[in-house]
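Undergrad: Just dropping this structure here.
The values are calculated or read from the model by the stated rules, or taken from the named source; none is laboratory data. Keep in mind that this is a model prediction, so the values were computed, not measured. Cβ coordinates were reconstructed from backbone atoms using ideal geometry, including for glycine residues, and neighbour counts include every protein chain displayed.
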Amino acid sequence: MLLDALLSRRLWIISGKGGVGKTTLAAALGLVASRNGKRVLVAEVEGKHALAALFGEDALTHTPVRLDQNLYGMSISPDKSLEEYFQDQLHLGRIAKPIVSSQVLDYVTHAAPGLRDVLMLGKVWYEANRKHDYDLIILDTAAAGHAVSMLRSPQGFLHAVPVGPLASQARRIVEWLQDPEKVSILLASLPEEMPVNETIETTQLLEERVGMDVAAILINMLYPPISEDAGVTAKIEGFRSPADLISETPMSDLDAAALYDCSRFYLERRALQQEHRKRLVKTESHTAAMVDIPYLFSAQLGKQELDILAAAIEEQMT
Amino acid sequence: MSLAGLLDSQIIVCTGSGGVGKTTISAAIALRAASEGRKTIVVTIDPAKRLADSLGIDRLSNAPKRIPASQFKKAGLVPAELDAMMLDTKTTFDELVMNNARDPERAKRIISNRFYQAVSGALSGTHEYMAMEKLWELHSKGEYDLIVIDTPPTRNALDFIDAPKRMTSFLEGRLLKWFLLPAIGGGKGMFKITNFAAVAFLKAIQKIIGAQVLSDIAEFFANFEGMYEGFKERAQDVLDLLMDESSSFIVVTAPADHVMEEALFFADTLESYGLPVKGLVVNRVHPRFEIDFAGDAGSKPIEALLALGRRFELLNKREDMALARLEKAIPQDQRARIPYLNNEVTDLAALHEVASFLFV
C-alpha cells in the first residue's frame, strides 16, 4: 500500500508550481504521517508564513516549533545551516559566527554553483541521518523549476568542487536522494492547463536530470460530483434551462435562474478540470499514484480544513 | 472600478506573488494599449513560457516579436502593433558583458569564467536585475510608446527594485577584493598576506569550497575591472525612470486572505519607496449567485443544487473578507476585479475579455 511504503521513508519532498497549494498539502501530509505514529518535521525553504498560519502559529524560524501532536515546523535558513555546518561538522567552533555574518561569505556561497541549495539539503540530510529527532521530514520546496535545480544542486556542486569536506557531503546527499527506499517526491498540481503541463515537465526533469521518480501526484482543488448520488447528478446535468428546475420544484424565476447559473458554472468548471485531470492521469499514472484532493468550499482555511484534506489523502493512499 | 488612467503610462510593471496570473494580466493590459493605438511591448520573465501560450506564439526568443495579425483576426480584433518577448536572463547578461567590456578578449574571459556563470545563471536577484537592464535598453531605444513588464514572483516587492543595487554592489566587490587581491595580485601564492584575520578566513573558506573557486572569483573581478561604473550608473537611471510619474506599478493578487495581505504589504512597500502604485488587481473572483429560495426543496436534484448554492455562499464569504481588506486600503479608481473565467486564457480573445474587466 502506498501509505505504508511512504511512511517507511525518511524524507518526502513536496514540489509544484506557485499557487497550487503546496504548503497546504504539505501540512495535510504532515497530519497524515503524524497520525500514523510518525514524529514529523515539516521544513519550508522560502520563509513563507502560510504553513504556520494554517496552525495559527507565528512565522517559522530555523528552530523547529510544535504545530500539532507529533508535528513540528521550521523554515530552513541557508546561512544558519552553514553556521551549523561549521560548528557541528567542521568543528570550527567560535570562528563560525563572524565568518557567516560577514559579507564575504555571501560571495562565496554564491560563487560555488548551488551552494546555498546544497546547504539547505545538507541540513535536511543532517536532521534525518545524524540527529534522528524526527522519523520523517517533509520538505516544502519552492516553485517546481526551482525544486529541480535545488535537487540537482549537489551534482552541480560536485562538478565544480570535486574534493573537500563539502564535496563528500554533497556526494552523500546525492546518493541519499536517489535511494527510493529513503526519499520520495510528491508533486502538487491543479487540474488546469499550465499546472498540468508543468507537472508533466517536472516529472521528466526529475527523472532525467536528478534520477528521482515521482511517488505520487496530488491533484488539488478538484470539484467533486454535485451529488454523491449518481442518478441525482445525471438529472442535474440534464437540466437545459431554469424552467426545467421550476418543473421539478415550484420557485421564482429569479431563484431558478440563479440556481441554474450556479449549476452550469460548477459543471463547466468540473468538466474542464476533468479534461486536465485525464491528461495528467494518462501521462503519469503508470509510474506515479494519483491522489484527488477535493476543493474546499469553506469560509476559511484552518485546522478543520486540513483535517478534511488529510482524511482524503489517507483514504486514497490506503 | 477601472484602471483606465493606467494606459497613459510609458512603463507598467506588473508585480505579485506566484500563481496569481501576473503574466495574463500583463498581456491583457498590453493588448488593450496596443488596440488603442499605442505601440506596445510586453516582456515576461516567466520560465513557464505562459505568455507564449496565451499569445498563441510557439516560442519567444530574447528579442521582441510581433504578434501576427492573423492572431488578432482569429479573435475578431483589429490587428495592432503589439510585440512580445520572453526575457532570457543568461543571454541578456552575456550581451551586457559583451557590450560593456573594455575589449572582446576580456568579455570572452568573463563569460567563460565559472564564477560569472554561477552568478549570471542562478544568483537570486539576477532575473530581476536583467529585467531592469532589458527595460532600460528598450526604453533607451525609444521604439515603443508603452513597455509592460511582468516580474518574477517575489516574496518581497523590493527584491525587484533593489536587485540592481544589490547586484552592482556585489559586482563592485570592494570587500572581497580587499581580501582576495593581495593574495592573488602579488603572485606570491595564495596566503602570503600580512593580514592574519584574512589568512585565517581564507583558509576556512578554502577548506569548504576549494582553491579553484577562489581563483575563479579573483579572475572574474580582475576582468570586470572598469565595467562597474557603467553598471552602477544604469542602475540609478532605471530607478529614476521607475520613480517617474510616467511609470506605473500594479500589484496582482487573488481573493484569499494571506495572498491579499501580501499584496497590500507589497503595495505599501513600493509606495514608501517612492514608486507609483496605480492599481491593485484581484484575479479570479468567484461569481455570486443570488439564491433566496426558502421553500421546501421538494426533490433530490433541487436539494443538491441548494446545497451547492450554500457552498458557493461560503466561498463568497471567504473571498469577501479578503476583498474588504482591499477596499479599505485602496481607492476605487485604483482597483479592479476579474471574475473566475470558465474558459482558459490561451488566445487574444480571452485576453481581450480579461482586459474588459480592467478597463470598464
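Undergrad: Going by the conditions given, is A:V196 more than 20 Å from the chain's Cα centre (by Cα), at pLDDT 90 or above and either more than 30 Å from A:R270 (Cβ to Cβ) or within 12 Å of chain B (Cβ to nearest Cβ) (or both)?
TA: Considered against the rule, which asks whether it is more than 20 Å from the chain's Cα centre (by Cα), at pLDDT 90 or above and either more than 30 Å from A:R270 (Cβ to Cβ) or within 12 Å of chain B (Cβ to nearest Cβ) (or both), A:V196 comes out as no.
Undergrad: Would you list the helices (runs of 4 or more DSSP H) that sit entirely within region A:223-318 and hold 3 or more residues that are modelled with pLDDT of 95 or more and closer than 20 Å to B:F289 by Cα?
TA: Result: A:230-238, A:242-248, A:253-284.
Undergrad: Quick one: in region B:320-353, of everything that is of a type in the set (V, I, T) and closer than 24 Å to B:E261 by Cβ, which residue is farthest from the other protein chains (Cβ to nearest Cβ)?
TA: Residue satisfying both the conditions and the ranking: B:I330.
Undergrad: Can I ask one more? Kindly provide the set of residues from region B:328-353 that are surrounded by 15 or more Cβ atoms within 10 Å (Cβ to Cβ) and among the charged types (D, E, K, R), ordered by number.
TA: Hits for region B:328-353 are B:R335, B:R337, B:E344, B:D347, B:E353.
Undergrad: Does any residue in region A:10-25 that is more than 13 Å from chain B (Cβ to nearest Cβ) come within less than 6 Å, Cβ to Cβ, of a residue that is of a type in the set (D, E) six or more places away or on a different chain, and which pairs are these?
TA: What qualifies is A:I14/A:D140.
Undergrad: List the number of the failed condition for A:V174; all other conditions in (1) modelled with pLDDT of 85 or more; (2) in a helix (DSSP H, G or I); (3) in contact with a strand residue (DSSP E or B) (Cβ under 6 Å, 6 or more places away or on another chain) hold.
TA: (3)
Undergrad: In region A:72-88, is there at least one residue being surrounded by fewer than 15 Cβ atoms within 10 Å (Cβ to Cβ) and either aromatic (F, W, Y) or at pLDDT below 75 (or both)?
TA: no
Undergrad: From the list A:L31, A:L3, A:L51, pick out the single residue that is outside any loop (DSSP other than H, G, I, E, B), surrounded by fewer than 20 Cβ atoms within 10 Å (Cβ to Cβ) and in contact with a helix residue (DSSP H, G or I) (Cβ under 7 Å, 6 or more places away or on another chain).
TA: A:L3
Undergrad: Here's something else I'd like to know. Could you check, for region A:278-294, whether at least one of its residues is in contact with a Pro (Cβ under 9 Å, 6 or more places away or on another chain) and within 10 Å of chain B (Cβ to nearest Cβ)?
TA: Checking region A:278-294: not a single residue is in contact with a Pro (Cβ under 9 Å, 6 or more places away or on another chain) and within 10 Å of chain B (Cβ to nearest Cβ).
Undergrad: Also, quick follow-up: Could you please give the count of residues in region B:284-319 that are out of contact with any Pro (no Cβ under 8 Å at 6 or more places or on another chain), more than 19 Å from A:F239 (Cβ to Cβ) and more than 8 Å from chain A (Cβ to nearest Cβ)?
TA: Number of matching residues: 4.
Undergrad: Quick check on region A:300-317: of everything there that is surrounded by fewer than 16 Cβ atoms within 10 Å (Cβ to Cβ) and either out of contact with any strand residue (DSSP E or B) (no Cβ under 8 Å at 6 or more places or on another chain) or more than 16 Å from A:M221 (Cβ to Cβ) (or both), which residue is farthest from the other protein chains (Cβ to nearest Cβ)?
TA: Taking the candidates together, the pick is A:E315.
Undergrad: Here is a check on your reading of the model: is B:L146 modelled with pLDDT of 75 or more, among the aliphatic types (A, V, I, L, M) and closer than 17 Å to B:A235 by Cα?
TA: no
Undergrad: A:G156 versus (1) over 28 Å from A:R130 (Cβ atoms); (2) assigned to a helix (DSSP H, G or I); (3) in contact (Cβ under 8 Å) with a residue 24 or more places away in the chain: which is the lone unmet condition?
TA: Failing condition for A:G156: (1).
Undergrad: Any idea which of B:I291, B:I302 is assigned to a loop (DSSP other than H, G, I, E, B) and buried (at least 18 other Cβ atoms within 10 Å of the Cβ)?
TA: Going through B:I291, B:I302 in turn, just one is assigned to a loop (DSSP other than H, G, I, E, B) and buried (at least 18 other Cβ atoms within 10 Å of the Cβ): B:I291.
Undergrad: Mind checking which residues of region B:95-118 are of a type in the set (K, R), touching a residue at least 24 places away in the same chain (Cβ under 8 Å) and in a helix (DSSP H, G or I)?
TA: Result: B:R106, B:R109, B:R114.
Undergrad: Within region B:85-130, track down each residue that is among the small types (G, A, S) and within 20 Å of B:F160 (Cβ to Cβ).
TA: B:S120, B:G121, B:A122, B:S124, B:G125
Undergrad: Now for a separate question. Scan A:L306, A:L259 and give me the residue that is in contact (Cβ under 8 Å) with a residue 12 or more places away in the chain, in contact with a Leu (Cβ under 8 Å, 6 or more places away or on another chain) and within 24 Å of B:A297 (Cβ to Cβ).
TA: The unique qualifying residue is A:L259.
Undergrad: Please enumerate the residues belonging to region A:146-198 that are more than 17 Å from A:L218 (Cβ to Cβ), touching a Gly at 6+ places or on another chain (Cβ under 6 Å) and crowded, with 24+ Cβ neighbours inside 10 Å.
TA: Listed by number, the residues that qualify are A:S153, A:F157.
Undergrad: Among the residues of region A:199-218, what is the count of those that are surrounded by fewer than 21 Cβ atoms within 10 Å (Cβ to Cβ) and within 14 Å of chain B (Cβ to nearest Cβ)?
TA: 3
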